[in-house]
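Only one structure is covered here, and it is reproduced in the block below.
Here, each number is a calculation from the coordinates, and none is a lab measurement. From a predicted model like this one, the values you see are computed outputs, not experimental measurements. With ideal geometry, Cβ positions are generated from the backbone for all residues, glycine too; neighbour counts draw on all protein chains shown.
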């Protein structure tokens, strides 16, 4: 969670590295994913650290910018869900519940839905560090996913995965190998 200006800078730098974006701080006009992540992190910063009326105005500005870019990209990602090093692979539908907690260095693809168990908004997943979430994956319920897990395309994860560095595939998802996310997720952190 971003709790200081230093945290904001660390999160932005880690996100930039995991997105493989070089150059300066200012993103290209056409790089909507990086612009969205900047808006997300700034919105988190002003929501968590804002104390003055100017901070409140800046929060509203970044909240609107995040909403606009999220609508263009198809992202519904609330504040304070992802740790530093978030890497969104492509534009397309990504829906994440606000109670979900995802660790550092996560790579997420299109068509992903991370949400609650049916009928209970408080039962949401907790996902570890260095996790790869493949296209179309669905993760829901009061479950825990360990560090270094790779979740394959179209996998439906509805049970705990407490083993580190494994690959989950299928419906319902089961461990298919011990490879995990090593080599898939950038490990800059």
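Just a few scattered comments:
- Relative contact order %, region 20-144, counting alpha carbon pairs below 8 Å whose residues are six or more apart: 17 percent
- Value of Rg/Rh across region 87-177 [Cα atoms, Kirkwood radius]: 0.92
- Calculated FRET value between residue 163 and residue 113, using beta carbons and R₀ = 22 Å, to 0.05: 0.45
- Value of D in µm² per second that Stokes-Einstein yields for region 35-125, Kirkwood Rh from Cα pairs, at 10 °C (1.306 mPa s): 116 µm²/s
- Between residue 13 and residue 91, the distance separating the two model label sites (each 7 Å from Cα on the Cα→Cβ line) works out to 3.0 nm.
- For region 139-189, averaging the sequence separation of C-alpha pairs within contact (under 8 Å, six or more residues apart) and dividing by the residue count gives a relative contact order of 32 percent.
- Compactness relative to 2.2 N^0.38 Å, alpha carbon Rg of region 5-73: 1.10
- For q = 0.12 Å⁻¹, Debye-computed log10 I/I(0) when each Cα of the chain counts as one equal scatterer: -0.55
- The calculated FRET efficiency for the pair residue 179 and residue 64, based on their C-beta separation and a Förster distance of 41 Å, comes to about 0.50.
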